[in-house]
Amino acid sequence: MSPANRPEDGPDRPDEPGEHDTADGDPPATGPAGADPGAPGRPHRRWRVAVVVALLIAVPAGYLTLSAYQSRDSGKDKQAVASATGLEWRWPRKVTRRVFEVRIPRGSTYVGYYEKNAWETSSLYVQFRTSPEELEWFLGELGTTPAALRPDADAVSREQAEEVGWRLDEPERDYAGLTVDLPGTRPEVAVTVDRTRPERPQVHVVSTATF
């Protein structure tokens with residue numbers, strides 16, 4: 001047997017014959033009278049118990065630590081989005097879209113958003129590119145239609161556009177807009193559509209909720 005595969009030497013391994021074995025094959029007694037030389041050693045059992053106890057303590061503590069870090073990072077992400085000075089190039093959270101009643105059509109591309117929070121008002125800025133059919137669906141969700149879009153309408157104001165770097169006053173482009181003041185405590189939604197590419201209009205939305 002090679003040294004790498006050889007079991008550990010020791011007098012308390014009864015299955016390994018050694019040079020001190022008796023003639024009839026019985027191993028010599030190595031402990032107190034009446035003791036079973038084949039019984040597992042207590043240090044080994046203690047070691048296993050110690051490992052189990054350590055795992056029971058360490059694993060839950062690890063989960064708690066990970067959860068705390070994730071919660072902290074999530075809070076930092078929200079603060080970063082709220083204090084950003086430009087668009088976040090991703091879809092806003094579903095709950096945010098529900099609160100501001102901005103339902104982005106499926107299949108939209110170049111989706112970006114920015115959320116601005118103040119003491120009494122909060123605004124959600126969203127832009128996306130979509131199809132004429134999905135634009136009609138989007139406006140329908142606001143209770144209006146593409147026919148209500150007015151050419152050169154100043155729906156999204158210059159100040160709002162500058163907040164996120166939108167250029168909505170380029171003379172060579174075809175803009176149209178409308179504003180929907182949803183009833184009750186629901187937000188006011190301003191929409192400006194760049195129709196320069198009629199097959200793929202680009203939509204700019206500012207939804208403002210007052211508390």
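The values are calculated or read from the model by the stated rules, or taken from the named source; none is laboratory data. Not measured: the values here are computed from a predicted model. Note that we place each Cβ from the backbone using ideal geometry, even for glycine, and neighbour counts take in every protein chain shown. Please note that ligands, DNA and RNA were not included when accessible areas were found on the heavy atoms of the full protein model with its side chains. Shrake-Rupley method; radii C 1.70, N 1.55, O 1.52, S 1.80 Å.
General observations
- Considering residues of the stretch 193-211 that are more than 30 Å from the chain's Cα centre (by Cα) and in a strand (DSSP E or B) only, the residue surrounded by the fewest Cβ atoms within 10 Å (Cβ to Cβ): ASP194
- Residues that are more than 13 Å from PRO201 (Cβ to Cβ), among the β-branched types (Val, Ile, Thr) and under 31 Å from the mean Cα position of the chain (by Cα), drawn from the stretch 120-170: THR121, VAL126, VAL156, VAL164
- Sub-8 Å Cβ pairs linking a first residue in the stretch 102-126 that is over 15 Å from GLU159 (Cα atoms) and of a type in the set (Lys, Arg) to a second residue that is modelled with pLDDT of 95 or more and open to solvent by less than 60 Å² (accessible area, probe 1.4 Å), at least 6 apart or interchain, are ARG103/ARG97; ARG103/PHE138; ARG106/GLU134, ordered by first then second residue.
- Of all residues in the stretch 147-175, those satisfying the criterion of being touching a helix residue (DSSP H, G or I) at 6+ places or on another chain (Cβ under 9 Å) and within 17 Å of TYR125 (Cα to Cα) are TRP166, ARG167, LEU168.
- No other residue among TYR110, TYR69, TYR114 is more than 23 Å from GLU199 (Cα to Cα), modelled with pLDDT of 95 or more and either outside any helix (DSSP H, G or I) or under 21 Å from the mean Cα position of the chain (by Cα) (or both) apart from TYR114.
- Filtered residue count, the stretch 128-184, keeping only those that are crowded, with 17+ Cβ neighbours inside 10 Å and on the phi > 0 side of the Ramachandran plot: 0
- If the condition is being out of contact with any strand residue (DSSP E or B) (no Cβ under 9 Å at 6 or more places or on another chain), at pLDDT 95 or above and in a helix (DSSP H, G or I), then the stretch 135-158 contributes GLU136, TRP137, GLY140, GLU141, ALA147.
- Some residue of the stretch 173-183 being assigned to a strand (DSSP E or B), of a type in the set (D, E, K, R) and over 18 Å from ARG129 (Cα atoms): yes
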